[in-house]
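The values are calculated or read from the model by the stated rules, or taken from the named source; none is laboratory data. These numbers were taken from a predicted model, which means no experiment stands behind them. In this analysis, Cβ positions are derived from the backbone assuming ideal geometry, glycine residues included, and neighbour counts consider all displayed protein chains. In case anyone asks, the SASA skips ligands and DNA or RNA and just uses the protein heavy atoms, side chains included. Shrake-Rupley method; radii C 1.70, N 1.55, O 1.52, S 1.80 Å.
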Amino acid sequence: MNSKEIFNYTAKFDEVVKKESYFENLLLQEFSSEILREYFPELFNLLKQKSKIQIGYSFFNSDVVKTLPNKIKIENQTFEIGKIIYRSLKDTESVFIITCTIGEEVEKSIWKFFNDGFSVEGYILDKMASELVELSADFISEIIEKKISKSGQSISNRYSPGYCGWSVSEQQKLFSLLPENFCGIKLTSSSLMIPIKSISGIIAAGDNITKKEYECEICEEKFCYKKRTQ
């Protein structure tokens, strides 16, 4: 692969969501089957109609990637990833900076429900939308894993600024290495991604890189997605 490679793709909903029952099983953790029978079909269809899933990555090979203690350098940017992430990435040879989003239309529907006093509908749609963007990130991870496996290498878990001790402010550095408005995502001065239902992060690749269980028991982040799903 070249020293830098850009990939951008608009994914179909059915490519990302393999089974409708995935969302039903997720919601059954909080809601009764009676509530789901009433609300789920319409809200699931709304999610499917309103979402615009865009995924992408920028690839950087070993010529421009270097690991340092608790840090990783990509081109001219050095990231303070911290000891937890560094343990998984210390043998990094190349890096994919990833982004994905489901667009703004679902978010508008969520806020309309809340503003109109339909809080149950708003909450359920918001929860499904958050899960959809996670599934989108998993989808691009699968694409990268298939690509890398052809060379006999493996990929890491994906890691994002704001988690595992990696400061969210380093989103600014991350996005400086991507094309402007990549996947239709903009970054505010406070490092908030717009649309809100978006994810960014890095996936490392290398001969000695492996996917591991997230080390949630030693992570100090109280609101981490992985902790919320355990």
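If R₀ is 41 angstrom, what is the calculated FRET efficiency for the pair residue 119 and residue 190, using the beta carbon separation as r and rounding to 0.05?
0.95
If one takes the longest principal axis of the Cα atoms in the chain, at what angle in degrees, from 0 to 90 and to the nearest 10, does the Cα axis of helix 105-115 lie?
It works out to around 50 degrees.
Taking the radius of gyration and the Kirkwood hydrodynamic radius from Cα positions alone, what is the Rg/Rh ratio for the range 10-82, to two decimal places?
1.26
Any idea of the accessible area per residue across the chain, 1.4 Å probe, to the nearest Å²?
52 Å²
By per-residue mean of other Cβ atoms within 10 Å, what is the highest-first order of 196-206, 110-120?
My ranking of the peptides, most packed first, is 196-206, 110-120.
At each listed q (0.15, 0.21 Å⁻¹), what is the log10 of I(q)/I(0) that the Debye formula gives for the range 132-186 modelled as equal alpha-carbon point scatterers?
-0.59, -1.04
Viscosity 0.890 mPa s, temperature 25 °C: give me the Stokes-Einstein translational D for the range 41-145 in µm²/s, with Rh taken as the Kirkwood radius over C-alpha pairs.
152 µm²/s
Beta carbons within 10 angstrom, averaged per residue: use that to sort the peptides 99-108, 185-194, 171-180, highest first. Can you show the working numbers first?
Values: 99-108: 21.3, 185-194: 13.9, 171-180: 16.4.
Packing proxy ranking, top to bottom: 99-108, 171-180, 185-194.
Could you derive backbone 3J(HN,Hα) for the range 25-38 from the dihedral phi with the Karplus parameters 6.51, -1.76 and 1.60 (θ = phi - 60°), listing whole Hz in sequence and x where the residue is Gly or Pro?
Karplus values, whole Hz, x for Gly and Pro: 5, 4, 6, 5, 5, 10, 10, 6, 5, 5, 5, 5, 4, 6.
Would you please give the residues with an amide H less than 5 Å from that of residue 103, counting only those at least 5 places away or on a separate chain, with H modeled from the backbone geometry?
Under 5 Å from the amide H of residue 103 lie the amide H atoms of 52, 54, each far enough along the sequence or on another chain.
Tabulate in residue order the Karplus-calculated ³J(HN,Hα) for the range 13-21, using 6.51 cos²θ - 1.76 cosθ + 1.60 with θ = phi - 60°, rounded to whole Hz; enter x for Gly and Pro.
These are the phi-based 3J(HN,Hα) values: 3, 6, 6, 8, 9, 6, 9, 4, 5 Hz.
Put +1 on the Cβ of every Lys and Arg and -1 on every Asp and Glu Cβ in the range 84-189; which of 151, 111, 132 then has its Cα farthest towards the positive end of the dipole?
The listed residue farthest towards the positive side: 151.
Can you show me the helix-derived [θ] at 222 nm for the chain, built from DSSP H runs with n ≥ 4 at -39,500 (n - 2.57) apiece and divided by the number of residues, rounded to the nearest 500.
Calculated at 222 nm, the ellipticity per residue is -12000 deg cm²/dmol.
Taking amide H positions as placed in the peptide plane 1.01 Å from N, state which residues far from residue 157 in sequence (5 or more) or on other chains have amide H under 5 Å from it.
Excluding prolines and chain starts, which carry no amide H, the hits are 212.
Whole-Hz ³J(HN,Hα) for each residue in the range 175-188, computed from phi via Karplus 6.51 cos²θ - 1.76 cosθ + 1.60 with θ = phi - 60°, x for glycine and proline: what do you get?
So the J values, rounded to whole Hz, are 6, 5, 9, 10, x, 4, 6, 4, 6, x, 9, 10, 10, 7.
Would you pull out the residues with amide H under 5 Å of residue 67's amide H, same chain only if 5 or more places away, H placed 1.01 Å from N?
Under 5 Å from the amide H of residue 67: 73.
If you fit an axis through the alpha-carbon atoms of helix 119-149 and take the longest principal axis of the Cα set of the chain, what angle between them do you get, 0 to 90°, nearest 10?
30 degrees
May I ask you to order 26-39, 137-150 by the average number of other C-beta atoms within 10 Å around their residues, highest value first?
Working: 26-39: 13.6, 137-150: 16.7.
The densest-packed peptide leads the list: 137-150, 26-39.
Above 13 Å lies some portion of the pair distances; for the range 111-154, what is it as a whole percent of all C-alpha pairs? Provide the component values of the computation, followed by the final result.
Values: 605 of 946 pairs.
Pairs farther apart than 13 Å: 64 percent.
Considering only protein heavy atoms and a probe of 1.4 Å, how much of the accessible area of the chain is carbon and sulfur, as a whole percent? The partial results should precede the final answer.
Working: 5750 of 12010 Å².
With neighbouring chains kept in place, the figure for the chain is 48 percent.
Report Rg/Rh for the chain, rounded to two decimals, where Rg is the Cα radius of gyration and Rh the Kirkwood radius. Don't skip to the answer; put the middle values down first.
Numbers: Rg = 18.2 Å, Rh = 18.6 Å.
Looking at the chain, the ratio lands at 0.98.
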